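The values are calculated or read from the model by the stated rules, or taken from the named source; none is laboratory data. Everything numeric here is computed off the predicted structure, so don't read it as measured data. Cβ atoms come from the backbone with ideal geometry, glycine included; neighbour counts cover every protein chain shown. To get the accessible areas, we keep the full protein, side chains included, count just its heavy atoms, and leave off ligands, DNA and RNA. Shrake-Rupley method; radii C 1.70, N 1.55, O 1.52, S 1.80 Å.
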Amino acid sequence: MSEIKLHTTLDSYPKDHIDKGTEPYITPNFINNKFTKSTTSEWIDLHDPATDQIISKVPQSTDQELNEAIESANTTFKTWKHTSIIKRQQLVFKFVELLKKNHDRLAAVIVAEQGKNFDDAKGDVLRGLQVAEYATSVTTELQGVQLEVATDLETLMIREPLGVIGAICPFNFPAMIPLWTIPMVIATGNTAVIKPSERDPGACLIFAELLIEAGVPSGVINIIHGKVPTVNKLLDHPDIKAIQFVGSSKAGDYIYTKGTSNKKRVQANLAAKNHVVVVPDANKAQFVNSITGAFAGAAGQRCMAASVLVTVGSTKEWIPDVIEAAKNLNVGSGFDKKSDLGPMISKQALQRAHDIIEEGVKTGANLVLDGRDIKVDGFPNGYFLGPTILTNVTRDNIAYKEEIFAPVLSILSVDTLDEAIEIVNSNPYGNGVALFTTSGIQAKKFTKEIDPGQVGINVPIPVPLPMFSFTGNKGSFNGDLNFYGKAGFTFLTQAKTITSLWKTSLIEDSKPSTSMPTHN
Ligand code: NAD
């Protein structure tokens, strides 16, 4: 395996799409703090979604490389777990500083590989960076408890790291989601083997470079690549103690079932269908801007995208305003400052969205804004879909049932807030929901009666900051403990109790006791 360098540096990174004919860069493995070229014969083409050009070759890491990464993490854990908490906290502080310094570089690589616009890509990095900042609270969050339970008899309960954590990431937040794992793993004294999405691993590899610069020892974080064989290795290897997965429900259900049957701890964030409900007393301008940005932003490729609108009563008269606002969004290259949304991730994802729209219309929905024939100047081969809006959507329509993961808004119209609540609560997913209203009473009723785990009042994408957890529920989550926040620390650690007796009075001669100890 030969060592290779990343194709970007702090000062040199793409400001535009790579010229036609440029040789694709090789995405390296990262094992034992070394970037190496895989010896695989199986390479995955990474296409710039705005141009369709192949810009990188991503390896299906070989079985030997996967084993090396896991062994590196497992061997390192044996000593790393004894590193003092202050030292680990300092490493995360340094990592945060380097993330800030490399913010633009990271965003540029995301634009090139994933397609989202530059400001949105900076937001992707920022939301991960905030998890890293939160991880530095480990010195408070991991404090143990101690009690003198009887004279001179004390019990101390501490939380210790688990071992090697396997992380499997999706394409849509190539910075944020690996950062749900990396700083939390370092802070808690675990080690990790991370599989970024094979469609955009670039940001994750920059994190690796920054970890070396921050002084994180070799073997603490390792990065390998590929598709199902890589996932299966993480699920089957006995040295992997827990799995963190974020992605589609199909993959997540498989990973949760297999991982837990192999006796691993698993947390899996899955697909979603997020509803926005609007009632007539809402502030119309605030609502129109919010729903438009939240369904079309990032080309609808957010697990918290507002993909369903439920209008209550007369608010269906506001639909033309939403259509107008959506029409005014600019679709284009993520490097173009004017673009509000970029392309979708792949030709297949674009085709699937087209098929769902067509089928949805065939089965009764009205297509009131059609983004399928969008042309973006200078980007004839990009996977672009313009904002698309369907009205008269029923609950049995494919456009309502499927997570389309595209800039497509499905609108249902009902007469009362109770009907809207019933629709949301009957949906199998439970990531997020929002209500637009100016009434505190309606808001209170809504927050009490609604099921999904992340609720917004006049906030269209209500993902909390990382001192709370990402609290999606129902079909959007498999597991018991959520990512980051206090639950995140609990997921990555296990409890140990230590009971000690240090007699302060004279030890008298006594007989052995065979009965259950009491605490008198
Ligand atoms: P995906 O499930 O296709 O891929 C996610 C990861 O799983 C990738 O690393 C991929 O290589 C791997 N994978 C894919 N198919 C697999 C299979 N059959 N068996 C084992 N592993 C497999 O998801 P994606 O398209 O990359 O991401 C989009 C999905 O992720 C959407 O459904 C979105 O809602 C979801 N998502 C959820 C959250 C959340 O917090 N709930 C956040 C982001 C994305």
Relative contact order of segment 125-196 (C-alpha contacts under 8 Å, at least 6 apart) in percent is 39
Projected convex hull area of the chain, Cα atoms, direction-averaged, in nm², equals 28.5
Fully extended contour minus Cα-Cα distance, from ASP63 to LEU506, at 0.36 nm per residue: 153.3 nm
In the chain the DSSP beta bridges are antiparallel at a rate, in percent to nearest 5, of 45
Per-residue accessible area for ASP120 at 1.4 Å probe radius, Å² rounded to 10? 30
The pairs in LYS362/LYS474; LYS122/LYS474; LYS445/LYS474 lying past 22 Å Cα-Cα in this model are LYS362/LYS474; LYS122/LYS474
To the nearest 0.05, the calculated FRET efficiency linking ASN328 and GLU449 through their beta-carbon distance, R0 being 35 Å, is 0.50
If packing is taken as the mean number of other Cβ atoms within 10 Å per residue, what is the order of 273-282, 465-474, 106-115, highest first? 106-115, 273-282, 465-474
Amide H contacts of HIS225 (H built 1.01 Å from N, under 5 Å, at least 5 apart or other chain): SER61
SER515 paired with THR363, simple spin-label distance in nm, labels 7 Å along Cα-to-beta-carbon: 7.0
What whole number of Å gives the distance from the Cα centroid of segment 196-261 to the Cα centroid of segment 360-427? 33
Could you tell me the ratio Rg/Rh of segment 220-351? Both radii from Cα atoms, Rh via Kirkwood. 1.12
What whole-number value in Å² describes the accessible area per residue of the chain for a 1.4 Å probe? 43
Tell me, what ³J(HN,Hα) does each residue in segment 405-420 have, in order and in whole Hz, if you take phi through Karplus 6.51 cos²θ - 1.76 cosθ + 1.60 with θ = phi - 60° and put x for Gly and Pro? 6, 7, x, 10, 10, 9, 10, 10, 10, 10, 8, 10, 5, 4, 5, 4
What is the Rg over Rh value, at two decimals, for segment 275-451, using alpha-carbon atoms and the Kirkwood definition of Rh? 0.97
Once both label points are put 7 Å beyond Cα along the C-beta direction, the ASP119-ASP152 separation in nm becomes 6.9
First select every other residue whose beta carbon is under 15 angstrom from the beta carbon of THR40; then total the charges, Lys and Arg +1, Asp and Glu -1. -1
Ranked output for segments 134-140, 433-439 by mean other Cβ atoms within 10 Å, highest leading, reads 433-439, 134-140
In whole Hz, with x marking every Gly and Pro, tabulate ³J(HN,Hα) for segment 294-305 from phi via Karplus 6.51 cos²θ - 1.76 cosθ + 1.60, θ = phi - 60°. 7, 8, 9, x, 6, 6, x, 9, 10, 5, 10, 4
Please compute the net charge surrounding SER333, taking Lys and Arg as +1 and Asp and Glu as -1 over other residues with Cβ under 15 Å from its Cβ. -4
Which distance in Å, rounded to a whole number, links the C-alpha centroids of segment 61-109 and segment 445-504? 24
Counting other Cβ atoms within 10 Å of each Cβ, which trypsin sites (Lys or Arg not before Pro) in segment 165-252 have at most 16 and sit in a DSSP loop? LYS227
Kirkwood Rh over alpha-carbon pairs of segment 70-228, then Stokes-Einstein at 10 °C and 1.306 mPa s: what D in µm² s⁻¹, rounded to an integer? 97
Counting DSSP beta bridges in segment 275-451, what percent are antiparallel, to the nearest 5? 15
For ASP451, what is the net charge nearby, where nearby means another residue's Cβ is under 12 Å from its Cβ and Lys, Arg count +1, Asp, Glu -1? 0
Contact order normalised by length for segment 275-451, with contacts defined as Cα pairs under 8 Å and 6 or more residues apart; what percent is it? 31
Within the accessible area of the chain, what % is carbon and sulfur when the probe is 1.4 Å and the other protein chains stay in place? 52
Counting sequence-distant residues (5 or more places) and residues on other chains, those with an amide H built under 5 Å from that of PHE470 are PHE483
Between segment 137-180 and segment 291-356, the alpha-carbon center distance in angstrom: 38
Considering only DSSP states other than H, G, I, E and B, which trypsin sites (Lys or Arg not before Pro) in segment 75-149 qualify as loop sites with at most 16 other Cβ atoms within 10 Å? LYS81
Would you calculate a helix-derived [θ] at 222 nm for the chain, using -39,500 (n - 2.57) for each DSSP H run of n ≥ 4 and dividing by the full residue count, to the nearest 500? -11000 deg cm²/dmol
dims of segment 454-520, Cα set, principal axes, largest to smallest, nearest Å -> 71, 25, 20
Normalised by the number of residues in the chain, what is the relative contact order in percent for Cα pairs under 8 Å and 6+ residues apart? 17
